Amino acid sequence: MRKIWIISLREFRSFFDSLTAYILIVAFLGLSGFFTWLSGSDIFFIGQASLQPFFSVAYWTLFFFTPALTMRTLAEENKTGTIELLLTKAVSDWDVILGKFLACLMLIGIALLLTLPYYISIWAMGPIDHGAVWCGYLGLILMSMSFIGIGLFASSITSNQIVAFLLSLFIGVFFLIIFNVLASNLTGFLGELLSFLSLSTHFDSISRGVVDSRDVIFFLSITVLGLILAEASLSKRNIVE
Amino acid sequence: MSIIVENLTKQYGPQKAVDDISFKVNTGEILGFLGPNGAGKTTTMKIITCFMAPTNGDVKVNDTSIYTNQEDIKKKIGYLPENNPLYLDMPVLEYLDYVGELQGIEKNKIQNRIVEMVHVCGLNDEKHKKIGELSKGYRQRVGLAQAMIHDPEILILDEPTTGLDPNQIIEIRKLIRHIGKEKTVILSTHILPEVEATCDRILIISKGKIVADGTSETLRKQAQGNEMLRIEIQDYDSKDRVISELQRIETIQMVDPVKDGSGIFTLQSKPGASSRRNIFNLCVQNKWFLAEMTPVETKLEDIFRELTTE
């Protein structure tokens, strides 16, 4: 447990050393703020004290934000060979994967914390459904966890950061759009299956304030699957043919 | 703390990088791992440090197998990988602290260990810089410092002196010798004088197999067999007479004049015999002046070339 924490702290610090963290946080706050307050179907256009516009923007920004965060985690270590240095220390493969996972999650957590002023200012403007807001944040965190899982897996199988970035976007786009589009064109079991696999179905119901255990399990299972695959690709050097 | 390697095999596709090798390293021994490029040195080291699993065979570090408790083994090993990969964006001190914590050094001891490592590896002037700003030699020192920070029982160094200047090489060798008094050290290199200068024992591997194992003296003896001498005789009247007289000595197998008229000869004795005394007596009898008599040693280079080429 301590090892996981040590690794994630270093990783977290390196986000800030390399400016990645600042750029991504500023971009995230800028984009989500712009669409929440200023443009499109913003708060004033809807005329309701609700964070719904913010959640639907954050849903998209996090989709791009997370792969940019995860792409370097393992791909860079593979490229520079520092992975050998790390794995020959007294740590397990899981310590490394979970440490990196935690670091990414912490950074996204900070980005989301910084949007709390949005919540407070809307609260000041009118009656707000507090339950829905907290559910929305929970939904965003669960969704980010899934994306981090996917992103870590993509990063673990390559030594090229761009490949890792594109691959995690590519996998993400299936869960975000393609399953949903296919589901609406299909009926029967296949349609239902695809609709279940679609991320937006689950996110919508959570961000409306309904926390169903099935939705939570869905996000967590994508996360765990991503992490297991990442661990497997990290330890495939150990496979004895 | 001993390392026992048993029937180790590692296969990459159809190619065997390491082919059924077994050896043992004892505490306080510095083992030099020698071999041409691609002989399997690095692969063997990666297996001992638990980075890679072997296709076959086992490695036991102090009776713990690499299949049972990897974390325990890793804690006892300090490892400097080939090409010395480092986190270039980290400052030296922060990096050493990170490695120290990962290796499970107690919080209150880490600072002392870092100070000691900075001192031992001569990093004092560079300790606040980022690793990426350091020259290759200093990076190598950081690599050594991180390998030794947790005071490991076993030190495994893959080409530790690449990129260092001659002064640093001598310092690092001294350091390795010093550490090797109490600890087990395995180092790989293809610089032959380095092995002679630092190692107690030499292991030469070629194409994944061990081709020689022993101290540099035993290896020499094995390769050399007969005594070789180089002598210089002056004040003689005819060179042919010298040659024929030398050939008459019963312990001498072969006489070979080196240069015309200079009086220098190389002699090979018969197996197991020494002809030094006979040569001296011969010179006294004929009143020749014996200006030089040196045993010719087979160089480690020759042994290496003989064993690793076909």
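Worth pointing out:
- Breaking point among (1) under 30 Å from B:Leu8 (Cα atoms); (2) more than 9 Å from chain A (Cβ to nearest Cβ), for B:Ile77: (2)
- Of residues in segment B:161-213 being touching a residue at least 40 places away in the same chain (Cβ under 8 Å) and of a type in the set (Lys, Arg), the one surrounded by the most Cβ atoms within 10 Å (Cβ to Cβ): B:Lys183
- Any hit, segment A:143-150, residues being out of contact with any helix residue (DSSP H, G or I) (no Cβ under 7 Å at 6 or more places or on another chain), among the hydrophobic types (A, V, I, L, M, F, W, C) and at negative phi: no
- Helices (runs of 4 or more DSSP H) wholly inside segment A:1-65 that include at least 3 residues being touching a residue at least 40 places away in the same chain (Cβ under 8 Å) and not aromatic (Phe, Trp, Tyr): A:2-17, A:20-33
- Given (1) closer than 30 Å to A:Ser233 by Cα; (2) within 14 Å of chain A (Cβ to nearest Cβ); (3) at pLDDT below 90, number of the condition B:Lys107 does not satisfy: (1)
- Residue in segment B:8-24 that is crowded, with 16+ Cβ neighbours inside 10 Å, under 27 Å from the mean Cα position of the chain (by Cα), of a type in the set (Asp, Glu) and within 23 Å of B:Ala197 (Cα to Cα) present: no
- Once segment B:240-262 is narrowed to residues that are within 20 Å of B:Lys287 (Cβ to Cβ) and at pLDDT below 80, the residue that is surrounded by the fewest Cβ atoms within 10 Å (Cβ to Cβ) is B:Gly261.
- Positions within segment B:283-310 being more than 27 Å from B:Ser238 (Cβ to Cβ) and in a helix (DSSP H, G or I), in sequence order: B:Leu300, B:Glu301, B:Asp302, B:Ile303, B:Phe304, B:Arg305, B:Glu306, B:Leu307, B:Thr308
- Residues satisfying the stated conditions in segment A:143-198, i.e. under 19 Å from A:Lys236 (Cβ atoms) and over 15 Å from the mean Cα position of the chain (by Cα): A:Ser156, A:Ile157, A:Thr158, A:Ser159, A:Asn160, A:Val163
- Here is the figure for segment B:226-282: residues that are part of a strand (DSSP E or B) and of a type in the set (Val, Ile, Thr) total 6.
- The conditions of being within 12 Å of chain A (Cβ to nearest Cβ), within 19 Å of the chain's Cα centre (by Cα) and surrounded by fewer than 23 Cβ atoms within 10 Å (Cβ to Cβ) are not met by B:Thr27.
- Among the residues of segment B:51-71, those that are surrounded by fewer than 17 Cβ atoms within 10 Å (Cβ to Cβ), assigned to a strand (DSSP E or B) and either more than 12 Å from every other protein chain (Cβ to nearest Cβ) or of a type outside the set (S, T, N, Q) (or both) comprise B:Asp58, B:Thr64, B:Ser65.
- Every residue from segment B:35-50 that is crowded, with 21+ Cβ neighbours inside 10 Å and touching a helix residue (DSSP H, G or I) at 6+ places or on another chain (Cβ under 6 Å): B:Gly35, B:Cys50
- Unique residue being in contact with a Leu (Cβ under 9 Å, 6 or more places away or on another chain) and not polar (S, T, N, Q) when the list is B:Gly38, B:Gly57: B:Gly57
- A:Ile46 meets the conditions (1) among the β-branched types (Val, Ile, Thr); (2) buried (at least 19 other Cβ atoms within 10 Å of the Cβ); (3) more than 14 Å from every other protein chain (Cβ to nearest Cβ); (4) more than 23 Å from A:Gly149 (Cβ to Cβ) in every case but one. The failed one is (2).
- Residues in segment A:216-234 that are crowded, with 17+ Cβ neighbours inside 10 Å and without any contact (Cβ under 8 Å) to a residue 40 or more places away in the chain: A:Phe218 alone.
- The number of residues in segment B:38-50 that are within 11 Å of chain A (Cβ to nearest Cβ) and more than 16 Å from B:Thr64 (Cβ to Cβ) comes to 3.
- Any chance B:Gly78 is under 28 Å from B:Thr44 (Cβ atoms), buried (at least 20 other Cβ atoms within 10 Å of the Cβ), in contact with a Pro (Cβ under 8 Å, 6 or more places away or on another chain) and of a type in the set (Gly, Ala, Ser): yes
- Single residue of segment B:222-239 satisfying the filter (closer than 13 Å to B:Pro295 by Cα and touching a strand residue (DSSP E or B) at 6+ places or on another chain (Cβ under 9 Å)) that is surrounded by the most Cβ atoms within 10 Å (Cβ to Cβ): B:Ile231
The values are calculated or read from the model by the stated rules, or taken from the named source; none is laboratory data. A quick note: this is a predicted structure, and the numbers were derived from the prediction, not measured. Using ideal geometry, Cβ is built from the backbone for each residue, glycine included, and neighbour counts are taken over all protein chains shown.
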